[in-house]
Amino acid sequence: MSSTSPSTRSRSLALASAAVLSLTALAGLTACGTSSDGGDGGDSAPGGKVKLAVNGRPPTTQAFERELFDKHVRQFEQANPDIDIVPHEGFMDPKTFNAKLAGGKLEDVFYVYFTDTRGLIAKKQAADITDYIKDMPHRGDVQDGLMKVFQDDRARQYGLPTANYSMGLLYNRALFEKAGLDPDKPPRTWAEVRAAARRIARLGDNTAGYADFSKNNQGGWHFTAELYSRGGRMATEHDGKWKAAFNSAAGKATLQDLHDMRWKDGSMGSKQLLQAEDVQRMMGSGKLGMYVSAADNITVIAKQFGGAYRDYGLAPVPDAKATLIGGEGYMVNPKSSPKKIKAAVKWLQWKFLDPDLVERNIKDNLEAKLPVGLPMPPTPDIWKGSVRDRVEKAKRTYANVPVGNYQSFMDAAPRVPGLIEPPEAQQVYAALDNAMQAVLTDKDADIDALLTAAENKVDQIYSAL
């Protein structure tokens with residue numbers, strides 16, 4: 001989201017951006033670096049240094065990213081001569097994680113998606129770092145909600161967030177103008193989305209006002225985002241047991257609006273069973289007005305599907321009662337010694353949670369002719385207060401894309417509650433794909449029956465936990 005297909009695991013970053021789909025291949029790679037040791041391969045490197053194996057190193061196919069990562073390793077080691085960073089390619093792969101941990105091959109510091117943290121903490125598969133971050137620089141400047149993703153029910157900390165995304169309404173400013181809509185005043189509610197979609201569809205020439213995903217688990221993923229925006233919830237927990245909660249007024253409204261835009265308004269076009277690449281292509285060709293998306297889709301549309309950054313805007317999700325968030329961070333091997341945990345926290349803060357480094361990253365991205373100014377890395381929206389203001393100011397100063405096109409999204413971000421994906425997200429999404437497909441392909445779809453059937457499937461999934 002960056003970042004794999006949703007059918008393999010809960011990685012919405014992967015769905016949100018084809019640019020990050022390349023990360024999928026990393027999951028199965030063996031560690032690459034100067035050492036093949038895992039997390040318990042000993043504390044010391046030559047010279048009495050603390051040896052710290054970290055994953056997340058980009059592959060050689062991502063030349064700029066790898067060069068930047070390696071430069072950071074060198075700079076960190078120069079600033080911390082008592083720590084030896086041993087970089088490994090790859091990320092945390094659920095299929096091999098348990099074996100690597102048991103066999104002593106898991107890195108000391110490993111990458112995780114937000115959806116992984118709950119299970120790892122419950123299984124005691126990550127180190128408690130609470131006492132090691134009390135004096136961490138900028139600890140109080142990271143958004144509280146993101147820190148909580150890595151906490152247990154006693155507020156003990158088991159990892160640190162390093163990047164996140166939230167969903168918004170991506171829209172084509174050029175089509176808004178052609179349809180007589182004000183591109184600086186995007187829809188704020190689902191009723192306004194529907195009205196704008198009708199006007200855009202009237203432009204003809206196979207132009208769709210609105211589009212949505214409905215297959216390969218992406219339908220269920222988007223249903224979740226749209227449900228959250230209306231104030232609904234996918235699941236609720238009671239005494240440690242989960243139960244489906246989407247068969248609600250908000251769930252029905254989500255499907256009903258899609259059904260009515262498709263069949264009553266004719267504003268979604270006739271081609272359905274779409275997924276991310278299809279919709280991105282439609283947007284890049286100038287044939288689509290709006291869809292729910294994270295900011296990284298803008299880069300994909302511009303780089304892979306012929307779009308121009310100036311033509312796209314990003315607004316808060318309609319109704320904005322909550323938004324689906326996802327992201328990534330790092331946790332520490334539970335077998336790590338106190339020395340390694342201390343070194344791990346120092347590395348993570350220096351590499352990811354230092355606003356000075358964010359500003360340096362901006363300049364590196366500019367030199368590489370990469371976009372600066374979108375609500376995504378190199379200026380991740382993980383900060384709060386004065387540090388967030390500082391990062392946003394730097395982004396505006398160095399932007400090479402039209403920052404104003406995304407300002408309404410950024411202005412609303414601190415006020416819109418963020419909700420992570422439901423437990424067993426991919427199985428849940430698969431159960432909702434059918435409902436999304438039905439309302440978009442069957443004029444006579446029975447929404448109540450579809451939601452009840454999906455609810456029964458999801459409750460079976462949760463009862464097996």
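The values are calculated or read from the model by the stated rules, or taken from the named source; none is laboratory data. If you're wondering where the values come from, they're calculated on a predicted model, not measured in any experiment. Note: ideal-geometry Cβ built from the backbone for every residue, glycine included; neighbour counts use all protein chains shown. Protein only, heavy atoms only, side chains kept; ligands, DNA and RNA dropped before computing areas. Shrake-Rupley method; radii C 1.70, N 1.55, O 1.52, S 1.80 Å.
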Along region 119-130, what does the Karplus equation 6.51 cos²θ - 1.76 cosθ + 1.60 (θ = phi - 60°) give for ³J(HN,Hα), rounded to whole Hz, x for Gly and Pro? x, 5, 5, 4, 8, 6, 9, 9, 6, 6, 10, 3
With a point put 7 Å past each Cα toward its Cβ, work out how far Asn206 is from Ala79 in nm, to one decimal. 5.2
Let me know the charge dipole size of region 170-249 about its Cα centre in debye, to the nearest 20, where only the beta-carbon of Lys, Arg (+1) and Asp, Glu (-1) is charged. 160
Scoring only Lys, Arg, Asp and Glu (+1, +1, -1, -1) among other residues with Cβ under 11 Å from the Cβ of Leu274 yields 0
Per the 1.4 Å probe, what fraction of the accessible area of region 48-151, in percent, lies on carbon and sulfur atoms? 50
Work out, step by step, the length gained on full extension between Lys241 and Asn400: first 0.36 nm times the residue separation, then minus their alpha carbon distance; give nm to one decimal. 52.4 nm
Ignoring solvent entirely, what values of log10 I(q)/I(0) come out of the Debye formula for region 165-297 at 0.10, 0.20 Å⁻¹ when each Cα is a single scatterer? -0.33, -1.20
16 Å cut-off, amide nitrogen to a point 7 angstrom out along Lys252 Cα→Cβ, residues in region 448-465: 448-455
Would you mind checking the radius of gyration and Dmax of region 325-444 based on alpha-carbon positions, in Å? 19.5, 63
In straight Cα distance, which lysines are under 25 Å from Lys243, not counting same-chain residues fewer than 8 positions off? Lys123, Lys124, Lys148, Lys215, Lys252, Lys321, Lys457
Net charge of Cβ neighbours under 11 Å - reference Val428; Lys, Arg +1; Asp, Glu -1: -4
Roughly how many debye, to the nearest 20, is the charge dipole of the chain about its Cα centre, given +1 on each Lys and Arg Cβ, -1 on each Asp and Glu Cβ, and no other charges? 340
Quick one: if you stick a label point 7 Å off each Cα along the C-beta vector at Ala449 and Asp356, how many nm between them? 6.5
Counting only other residues whose beta carbon sits under 13 Å from that of Lys457, what net charge do I get with K and R as +1, D and E as -1? -3
Restricting to Cα pairs under 8 Å and 6 or more apart, the percent relative contact order of region 346-453 works out to 19
The chain, accessible area per residue, ligands and nucleic acids excluded (1.4 Å, Å²): 41
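By its C-alpha gyration tensor, with a ≥ b ≥ c as the square roots of the eigenvalues, how is region 247-334 shaped: rounded for a/c under 1.5, else prolate for a/b larger than b/c, else oblate?
Oblate is the answer for region 247-334, as a/c is 1.5 or above yet b/c matches or exceeds a/b.
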Which label in [x] 1.04; [y] 0.98; [z] 2.34 gives the computed Cα Rg over 2.2 N^0.38 Å: [y]
Treating cross-link reach as a plain straight distance, find the lysines whose alpha-carbon is under 16 Å from the alpha-carbon of Lys287, omitting any fewer than eight places away in the same chain. Lys178, Lys271
Carbon and sulfur atoms: what percent of the 1.4 Å accessible area of region 183-307 do they account for? 45
DSSP-defined antiparallel bridges as percent of all bridges, the chain, nearest 5: 70
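Once a ≥ b ≥ c are taken as the square roots of the eigenvalues of the Cα gyration tensor of region 283-336, is the result rounded (a/c under 1.5), prolate (a/b larger than b/c) or oblate (a/b not larger than b/c)?
Working: a/c = 4.26, a/b = 1.77, b/c = 2.40.
Verdict is oblate for region 283-336.
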Calculated over region 102-168: convex hull of Cα atoms, volume per residue (Å³): 115
Which distance in nm do the two modelled labels at Lys393 and Arg139 give, with both placed 7 Å along the Cα-to-Cβ direction? 2.6
